[in-house]
Amino acid sequence: MMHGPVATIRAEAIARAEAAAERADTARRRADWLTHAVLILGVALFALPIWIVLMGSTHDVATVSRGEVPLLPGPYAVENYAAAWTEGSARTTRVPVSAMMLNSFVMAMLIAVGKIAISILSAYAVVFFSFPGRLLAFWAIFITLMLPVEVRIFPTFQVVSDLGLVNTYTGLILPLIASATATLLFRQFFLTIPDELVEAAKMDGAGPLRFFKDVVLPLSTTNIAALFVILFVYGWNQYLWPLLITTSADVETIVIGIVKMIGAEADTEWNRVMATTVLALLPPVAVVILMQRWFVKGLVETEK
Amino acid sequence: MRKKVIFPQVGLPYLLLLPQLAITFVFFFLPAGQAIWFSFLRQDAFGIRTEFVGLENFVELFQDPLYLDSVWITLVFSFWVTALAMSVALGLAVLADRHIRGATAYKTLLIWPYAIAPAVAAVLWIFIFHPQIGLLGKFLNGIGVRWDYKLNGTQALITVIVASAWKQVSYNFLFFLAGLQSIPRSVLEAAAIDGASPARRFWTVVFPLLSPTTFFLLVINLTYAFFDTFGVIDALTKGGPAKATSTLIYRAYIDGRVNLDLGSSSAQSVVLMLAVIALTAVQFRFIERKVHY
């Protein structure tokens, strides 16, 4: 017969265990809520500057200049965006945002596509061929990692101006287009392509160009997509180089344009500056969010 | 590391390398070489005669109290940008790594500032910090704190630090999250079974395992603070007031562009190059060590 003390002890133990489990559960749930709260706060803190600009861009210039800092939408959205798009800042630079956006877009696209194109070719040469000077070429590319445009800015400007490329797309883009990072990423990836594939291609009589087009390029699409996001953002966000190399409105980029629009702050049309800011950050943010999956993978892999 | 099976062509690889090597030579090696060469030269006031002066440009640079100020400002600025951007990112990543509902949504909501240009980030923060039209700036002046980053050097430095760090958090967040997710669950469970508290688990298990990521990000953030924040500073403070936010890169720009002092700006470029080389070398020592793990 088991009733009596033993049964009581067992029941007590079960009750205790249940209580402990419940406590742990409550604690976990409370921690989860706390986690959510802090994360939401973090997200809000991140979004606050954007929210202010987004809301401010829908008010008239007087409201913003008075310092009301509206946190809710106003009635001037269409007007402000249309004015910024077609006219820019009437009181300062007078360059339409549409023109600057086009310049930024051309620059970002050409930098991204150009970097990917020349890097994939040079990585292909370094990995799939053997030739005198291979190592030297690799190191020459590799060492450019140590020479970001910021540290060689004036001599580079000198070279570009000697070539007569100031205020041209070529001058704006070409000096930014060599990329050690992209070359290294492609090289790393190419080294993982199995030798058997090359063997098979050779046996089938496919030459290196055919192999590149039919095997290497299709295999590289994920890497290309990831690099595209990173390099598009890099190109769109350039500041110091365009600031030096563009003095005419014809090739002015949007990132430079906003800062010039603010000018001396005497009679800045803040509402239009805000509308322009929203327009300026839309394309790179859209690219990052839409291509998030490749971007995250590519970023973490490129840098390591 | 290299392939065993390769193509036999000899001419083709040179052709494939040509575009990149040509650009690298014309826009990287040529200018870098010129910067080094010019840093040993001095032009007279009219730009007619140029003479070789050895290391004089460098000696002068490091005897210039304004330049030493710039060095100090750069160090303070870089320290705070890195510390802020990394600690906030680590905190958020640890939270987002907990298996809660909506973790992916938080991730999406936290990564987009990566796409924002430093100069645009600066413009966004004008509407927070501006003494008349900024949310916080106006509030501070309202309660009697005299806040104006265009007049007060310390406040200017705080403003550019916050704007620069804000932009970099999302990048750090992505790497910390990737780092956290690669820590084996079993290790954490073992620590939990041993009765370690969450805080203790973090500092004795998670943080050490995360150290390669932390170290990597340290180098990246320092590089960012040194060079990529030019846009933030130019848009917010133009290096002022009274050079309070004039970092090395900003000063090199002003000396070259505005003061047209070729010798000094070249010497500054060379100093910056040495800084990048040092940072890159540190980074690669670390990568090599990681490969051996």
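Would you mind classifying region B:1-124 by shape? Square roots of the alpha carbon gyration tensor eigenvalues, ordered a ≥ b ≥ c; an a/c under 1.5 is rounded, otherwise it is prolate if a/b is larger than b/c and oblate if not.
On the way: a/c = 2.93, a/b = 1.24, b/c = 2.37.
In terms of gyration-tensor shape, oblate.
Distance from the Cα centre of region A:173-238 to that of region B:94-164, in angstrom?
The distance from the Cα centre of region A:173-238 to that of region B:94-164 comes to 38 Å.
Peptide B:261-268: average number of partner chain Cβ atoms within 10 Å per residue? It would help to have the intermediate numbers written out before the result.
Numbers: counts 0, 3, 0, 0, 3, 3, 0, 2.
Per residue, the number of nearby Cβ atoms from other chains is 1 on average.
With the dipole of the protein assembly as shown worked out from charges on the C-beta (+1 for Lys and Arg, -1 for Asp and Glu) around the Cα centre, which of B:V258, B:A281, A:L72 lies farthest toward the positive end?
B:A281
Compute the relative contact order of region A:1-121 as a whole-number percentage, counting only Cα pairs closer than 8 Å that sit 6 or more residues apart in sequence.
Working: 56 pairs, mean separation 14.2, N = 121.
12 percent.
Quote the charge dipole size of region A:195-304 about the Cα centre in Debye, to the nearest 20; the model charges only the Cβ of Lys and Arg (+1) and of Asp and Glu (-1).
Roughly 140 debye, rounded to the nearest 20.
Give the residue from A:V159, A:F212, B:L12 lying farthest towards the positive end of the charge dipole for the protein assembly as shown; charges sit on Cβ (+1 for Lys and Arg, -1 for Asp and Glu) and the dipole is referred to the Cα centre.
It is A:F212.
With +1 on each Lys and Arg Cβ and -1 on each Asp and Glu Cβ, and nothing else charged, work out how big the dipole of chain A is about its Cα centre, in Debye to the nearest 20.
540
Residue separation times 0.36 nm, minus the C-alpha to C-alpha distance between A:A200 and A:T170: what's the value?
Separation in residues times 0.36 nm, less the Cα-Cα distance, equals 6.7 nm.
Can you sort A:V64, B:V187 from fewest to most other Cβ atoms within 10 Å of each residue's own Cβ?
Fewest-to-most ranking of A:V64, B:V187: B:V187, A:V64.
How would you rank B:S264, A:S122, B:S211, going from fewest to most other Cβ atoms within 10 Å of each one's own Cβ?
Least to most surrounded, the residues fall as B:S211, B:S264, A:S122.
With only Lys, Arg, Asp and Glu charged, each at its Cβ (+1 for the first two, -1 for the last two), find how big the charge dipole of the protein assembly as shown is about the Cα centre; round to the nearest 20 debye.
Numbers: 43 positive and 38 negative charges, 266 e Å.
The calculated dipole for the protein assembly as shown is roughly 1280 debye.
Let me know the shape class of the protein assembly as shown, please: from the alpha-carbon gyration tensor, a ≥ b ≥ c as square roots of the eigenvalues, rounded when a/c is under 1.5, otherwise prolate if a/b is greater than b/c, or oblate.
oblate
What whole-number distance in Å separates the alpha-carbon centres of region B:207-283 and region A:58-75?
36
At R0 = 56 Å, how high is the FRET efficiency between A:T26 and B:Q132 if r is their beta carbon distance? Nearest 0.05 is fine.
The value I calculate is 0.70.
Does region A:91-303 classify as rounded, prolate or oblate by the C-alpha gyration tensor (a ≥ b ≥ c root eigenvalues; a/c under 1.5 gives rounded; else a/b over b/c gives prolate, otherwise oblate)?
prolate
Relative contact order for chain A using alpha-carbon pairs under 8 Å, separation at least 6, rounded to a whole percent? List each step's numbers first, then the result.
Working: 294 pairs, mean separation 85.6, N = 304.
With pairs under 8 Å counted, the relative contact order is 28 percent.
Can you show me the helix-derived [θ] at 222 nm for chain B, built from DSSP H runs with n ≥ 4 at -39,500 (n - 2.57) apiece and divided by the number of residues, rounded to the nearest 500.
-21500 deg cm²/dmol
I need the peptides B:62-68, B:217-223 ranked by packing, meaning the mean over residues of other C-beta atoms within 10 angstrom, with the highest value on top.
Averaged packing, sorted descending, gives the order B:217-223, B:62-68.
Other chains near A:112-120: what is the mean number of their Cβ atoms within 10 Å of each residue's Cβ? Before the final figure, lay out the partial values.
Numbers: counts 0, 0, 2, 2, 0, 2, 9, 2, 2.
Shielding by partners across A:112-120 averages 2.
Mind checking which of B:L109, B:T214, B:L174 is farthest towards the positive end of region B:73-242's charge dipole, using Cβ charges of +1 (Lys, Arg) and -1 (Asp, Glu) about the Cα centre?
B:L109
Give the relative contact order (percent, whole number) for region B:73-242; include only Cα pairs under 8 Å separated by 6+ residues.
37
Taking the Cβ of B:L61 as the centre, find all other residues whose Cβ is under 14 Å away and add up their charges (Lys, Arg: +1; Asp, Glu: -1).
Combined, the nearby Lys, Arg, Asp and Glu give -4.
Going Cα to Cα from A:K260, which aspartates and glutamates come in below 17 Å? Please leave out same-chain ones fewer than 8 positions away.
A:E87, A:D250, A:E252, A:E269, B:D234
Ranked by Cβ crowding within 10 angstrom, fewest neighbours first, how are A:V95, B:V205 ordered?
With the fewest neighbours first, A:V95, B:V205 line up as B:V205, A:V95.
For chain A, modelled as a Gaussian network with Cα springs under 10 Å, which listed residue fluctuates most, A:K115, A:K202, A:K260?
Per the Cα network of chain A with a 10 Å cutoff, A:K202 tops the list.
At A:A17 and A:T222, where each label point lies 7 Å from the Cα along Cα→Cβ, what is the point-to-point distance in nanometres?
According to this spin-label approximation, the distance is 4.4 nm.
With springs only between Cα atoms under 10 Å apart, run a GNM on chain B and tell me which of B:Q155, B:Q283, B:Q43 wobbles the most.
Answer for the Gaussian network model of chain B: B:Q43.
Total Lys pairs in region B:73-242 closer than 20 Å by alpha-carbon, pairs eight or more apart in sequence or interchain only?
Close lysine pairs found across region B:73-242: 4.
May I ask you to derive the FRET efficiency for B:R146 and A:A62 from their Cβ-Cβ distance with R0 = 25 Å, giving the value to the nearest 0.05?
0.45
Within 10 Å of each Cβ in A:158-167, how many Cβ atoms from other chains are there, averaged over the peptide?
2
Bear in mind these aren't lab numbers, they're just calculated from the coordinates by the rules spelled out. As the structure is a computational prediction, the values presented were derived from the model and not from experiment. When we count neighbours, we look across all protein chains shown, and the Cβ atoms used for this are built from the backbone with ideal geometry, even at glycine.
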